[in-house]
1. What's the total number of residues in region B:102-117 that are more than 20 Å from residue A:16 (Cα to Cα) and either within 7 Å of chain A (Cβ to nearest Cβ) or in contact with a strand residue (DSSP E or B) (Cβ under 9 Å, 6 or more places away or on another chain) (or both)?
2. Taking only region A:119-132 into account, find how many residues are loosely packed, with under 14 Cβ neighbours inside 10 Å and facing chain B (nearest Cβ under 7 Å).
3. In this structure, is residue A:91 under 30 Å from residue B:117 (Cβ atoms) and either within 17 Å of the chain's Cα centre (by Cα) or surrounded by 13 or more Cβ atoms within 10 Å (Cβ to Cβ) (or both)?
4. On the given criteria, is residue A:112 buried (at least 16 other Cβ atoms within 10 Å of the Cβ) and not in a helix (DSSP H, G or I)?
5. Hey, among A:93, A:89, A:73, which residue is within 16 Å of DNA strand D (Cβ to nearest atom), more than 14 Å from chain B (Cβ to nearest Cβ) and either assigned to a helix (DSSP H, G or I) or under 30 Å from residue B:129 (Cα atoms) (or both)?
6. Could you tell me which of the residues B:84, B:70 is over 16 Å from the mean Cα position of the chain (by Cα), within 12 Å of DNA strand C (Cβ to nearest atom) and either surrounded by 13 or more Cβ atoms within 10 Å (Cβ to Cβ) or farther than 24 Å from residue A:137 by Cα (or both)?
7. For region B:1-56, what are the residues that are away from DNA strand D (no atom under 14 Å from the Cβ) and more than 9 Å from every other protein chain (Cβ to nearest Cβ)?
8. Limited to region A:133-144, what total is found for residues that are within 7 Å of chain B (Cβ to nearest Cβ) and small (Gly, Ala, Ser)?
Protein chains: 2
Amino acid sequence: MTKSFKEIKQTLLMLQSIDRRVAQNFEKRTGISFTRYEMLHTLFERAQLSQIELQQTLKIDQAAITRHLKILEEKNFVVRNRNKQNNREVIVEITDAGISTLENCDLDKNQFIDELFNGFTDQEIKQLQILVKKLIDNTEMLNS
Amino acid sequence: MTKSFKEIKQTLLMLQSIDRRVAQNFEKRTGISFTRYEMLHTLFERAQLSQIELQQTLKIDQAAITRHLKILEEKNFVVRNRNKQNNREVIVEITDAGISTLENCDLDKNQFIDELFNGFTDQEIKQLQILVKKLIDNTEMLNS
DNA sequence: GAGATATAATTGACGAGTCAATGATTGATT
DNA sequence: AATCAATCATTGACTCGTCAATTATATCTC
């Protein structure tokens, strides 16, 4: 039951293009990289996290996490400390400066999301979410 | 009418993760980069194209196009010649070697698509396509 | 026809994420 | 207790795509 590749190809191409544009445009508007914003936001929601936990949430490589955190630390948006209970782990926390940076982005971020999903009904957003979830579950099986 | 950012954030994160995994896994299976496969496939469908036309189809930067074509040319999968009617343009064509490379990938590619869209109904694939199209239309408005 | 403008391709420098190798710490086995 | 394996973080080398600057050609305008 092989699907029409031509259409699938186009959909995948569009998906990649969307991602790139989202990242580019988000940074242009808010002044902070989309990935680093997501990191900060995740840390804001969940207080203290190890880098592994961040990695699992953001689904990017550990090496990338380390490098982003280095940048966020230089700007004093996060602090990092070894976990005393397990010295292999680094515990990351957002700082007040980090939180206020998040807050400053809020308007631009909301505006951005509104434009990105302009014309979408709640139903469609939910539908997209479901389909994307299904896709990512499938990608998790790909390596076997 | 700001949407629930938490869910949207997650959807966008998943989208990016899907794209990366698709590219990684496709190359691992077929031995050719996903983007370069798409280039070859586009050239196969449409015979002769300028690099600008390729760029518009693949929606990646011109610079990236130039570099991918350099690689494809080194492998003799494509040939490039200046357009005699307009010497600014380079006309790209797929070679027989390029075509047979495409053919060799076919089985792996179909297998890959089947796994990626495993459990999707035709209806769902169509739905995804529509939503993605809507999204990309919105991203095109973002810069204004 | 000469000079300004536009278009196509190329190059270099950059940021992002991946993989593989390394280091440091912890846990398990004997 | 000593070795061996597993886990977490870091680093270097790499690919990919972007942007900005450059070159070459074509088109427009006076």
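1. Initial filter on region B:102-117 (more than 20 Å from residue A:16 (Cα to Cα)): B:102-108, B:111.
Now drop any that are not either within 7 Å of chain A (Cβ to nearest Cβ) or in contact with a strand residue (DSSP E or B) (Cβ under 9 Å, 6 or more places away or on another chain) (or both), which leaves B:102.
Of the residues in region B:102-117, 1 are more than 20 Å from residue A:16 (Cα to Cα) and either within 7 Å of chain A (Cβ to nearest Cβ) or in contact with a strand residue (DSSP E or B) (Cβ under 9 Å, 6 or more places away or on another chain) (or both).
2. Total satisfying the criteria: 1.
3. Working: under 30 Å from residue B:117 (Cβ atoms): no; either within 17 Å of the chain's Cα centre (by Cα) or surrounded by 13 or more Cβ atoms within 10 Å (Cβ to Cβ) (or both): yes.
In short, no.
4. Answer is no for this residue.
5. Numbers: A:93 fails: either assigned to a helix (DSSP H, G or I) or under 30 Å from residue B:129 (Cα atoms) (or both); A:89 fails: either assigned to a helix (DSSP H, G or I) or under 30 Å from residue B:129 (Cα atoms) (or both).
Checking each option against the conditions leaves just A:73.
6. Working: B:84 fails: within 12 Å of DNA strand C (Cβ to nearest atom).
One residue alone meets the criteria, B:70.
7. B:43, B:44, B:46, B:47, B:48, B:49, B:53
8. 0
All of the numbers you see were taken from the coordinates with simple rules; none came from a lab. Since this is a predicted model, take the numbers as computed values, not measurements. With ideal geometry, Cβ positions are generated from the backbone for all residues, glycine too; neighbour counts draw on all protein chains shown.
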